[in-house]
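Encoded as structure tokens, the structure appears first; notes follow it.
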Amino acid sequence: MKKMIIPGGSGFLGLYLARYLSLRGWESIILSRKETESEYDNIRYVQWDGKTLGDWKKEFEGADAVVNMAGRTVNCRYTEENKRQIMDSRVDSTKVLGEAIAACQNPPKLWVNSSTATIYKDTRGDQPANDEYNGVLGDDFSMNVAKTWEKTFNEAKVQSSVRKVALRTAIVLGRDGGAMGPILNLVSVGLGGKQGPGTQWVSWVHVEDFSRIIEFLVEKEEVEGIINCAAPNPELNKNFMRKLRYVYRRWFGFPLPTFLLKFGAILIRTEVELVLKSRKAVSKRLAELGFEFKYKKVEDAFEQIV
């Protein structure tokens, strides 16, 4: 039985990946800060604190892959304390995972470390999308978190047999959590119009394709380095929302101007940049490697989700 370690995998994305792999005969070990009982025979939870070595490190012996998803949520106000926790949780977990892998007699074959498509500079209008070869990195808090995260990952000293992939993931769309819940709530109450100017780009990937990409990276033994985990067709926010309304059978949605978004973000304790930032990213490397997305168009993803 193949074995996958998923640090920080107790949320929407990690659980989907673990269940996806379990249907394919994998054993998944989720490293979680909380002690949790699993409902599945081949999914286990092991407790860790995300920053110090412990008994959990023995799970890494003979594993086929590690997919690190550990990190404090960015869905919060960017106070100085929250910003510190966002940065430290990513850096500390990546460092200690490197230590655990380096201590293995039989280390994992693949280490995928989460990153984010937010690392790229805002792309507006008809500017080309950011890919792995020509992407332009930005310089604000979120972008610098991503750059520091990847730097920590690249500096981790592990065995030469361990392939390392930094996965720059776009907004993940799925039925049971993630970004879709709040967006669908807006659509259902008639607030599903464009957000802000509506001209900001939305890069996205369906949760099933995310899991298929992980499985693909395990199989492609020559792959390492940076991979953009994003569907091939980014959408402008106004078109993204219009297509969602169509699938949801809502023929009209009031737009939400920037000042209302800023006010609402304060009320629900989050940051408006999560909506207003323009992310336009695609993956040339996955195309070159022959990966085929199941959900290439956002309306197909919405049909499955809604």
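Within the bounds of segment 85-92, is there any residue that is out of contact with any strand residue (DSSP E or B) (no Cβ under 6 Å at 6 or more places or on another chain), of a type in the set (Gly, Ala, Ser) and part of a helix (DSSP H, G or I)? Yes: one or more hits. Over 26 Å from Leu186 (Cβ atoms) and surrounded by fewer than 18 Cβ atoms within 10 Å (Cβ to Cβ): does that describe Lys284? Answer is yes for this residue. Among the residues of segment 138-179, those that are of a type in the set (Val, Ile, Thr) and either over 25 Å from Val223 (Cβ atoms) or over 18 Å from the mean Cα position of the chain (by Cα) (or both) comprise Val158, Val162.
In this structure, does Ala265 turn out to be more than 21 Å from the chain's Cα centre (by Cα) and small (Gly, Ala, Ser)? Yes; evaluated as a whole, the condition is true for this residue.
Being surrounded by fewer than 19 Cβ atoms within 10 Å (Cβ to Cβ) and touching a strand residue (DSSP E or B) at 6+ places or on another chain (Cβ under 8 Å) is the filter here; which residues of segment 187-207 pass it?
Across segment 187-207, the qualifying residues are Leu191, Gly198, Thr199.
Would you confirm whether or not segment 67-83 contains a residue that is outside any loop (DSSP other than H, G, I, E, B) and under 20 Å from Thr169 (Cβ atoms)? The answer is yes; a qualifying residue exists. Within segment 100-132, how many residues turn out to be within 12 Å of Gln159 (Cβ to Cβ) and without any contact (Cβ under 8 Å) to a residue 40 or more places away in the chain? Matching residues across segment 100-132 total 0. Residues in segment 189-206 that are of a type in the set (A, V, I, L, M, F, W, C) and closer than 20 Å to Arg175 by Cα: Val189, Leu191, Val202, Trp204, Val205. The residue pairs whose first member lies in segment 218-246 and is among the basic types (Lys, Arg), whose second member is outside any loop (DSSP other than H, G, I, E, B), and whose beta carbons are closer than 9 Å, counting only pairs six or more residues apart or on different chains, are Lys220/Leu289; Lys238/Gln195; Lys243/Glu235; Lys243/Val298; Lys243/Glu299; Lys243/Phe302; Arg245/Val187. Restricting segment 117-133 to residues that are touching a strand residue (DSSP E or B) at 6+ places or on another chain (Cβ under 7 Å) and β-branched (Val, Ile, Thr), the residue that is modelled with the highest pLDDT is Ile119.
Can we say Gly135 is within 19 Å of the chain's Cα centre (by Cα), touching a residue at least 12 places away in the same chain (Cβ under 8 Å), farther than 26 Å from Tyr16 by Cβ and buried (at least 21 other Cβ atoms within 10 Å of the Cβ)?
Working: within 19 Å of the chain's Cα centre (by Cα): yes; touching a residue at least 12 places away in the same chain (Cβ under 8 Å): yes; farther than 26 Å from Tyr16 by Cβ: yes; buried (at least 21 other Cβ atoms within 10 Å of the Cβ): yes.
In short, yes.
Among the residues of segment 1-30, the ones that are assigned to a loop (DSSP other than H, G, I, E, B) and either touching a Ser or Thr at 6+ places or on another chain (Cβ under 6 Å) or touching a residue at least 60 places away in the same chain (Cβ under 8 Å) (or both) come to 6 in all.
For residues that are touching a residue at least 40 places away in the same chain (Cβ under 8 Å) and in a strand (DSSP E or B), scanning just segment 43-66, find the one that is nearest to Gly25 (Cα to Cα).
My answer is Ala65.
The values are calculated or read from the model by the stated rules, or taken from the named source; none is laboratory data. Remember, it's a predicted structure, so these values are computed and weren't measured experimentally. All Cβ positions, glycine included, derive from the backbone under ideal geometry; neighbour counts span all protein chains shown.
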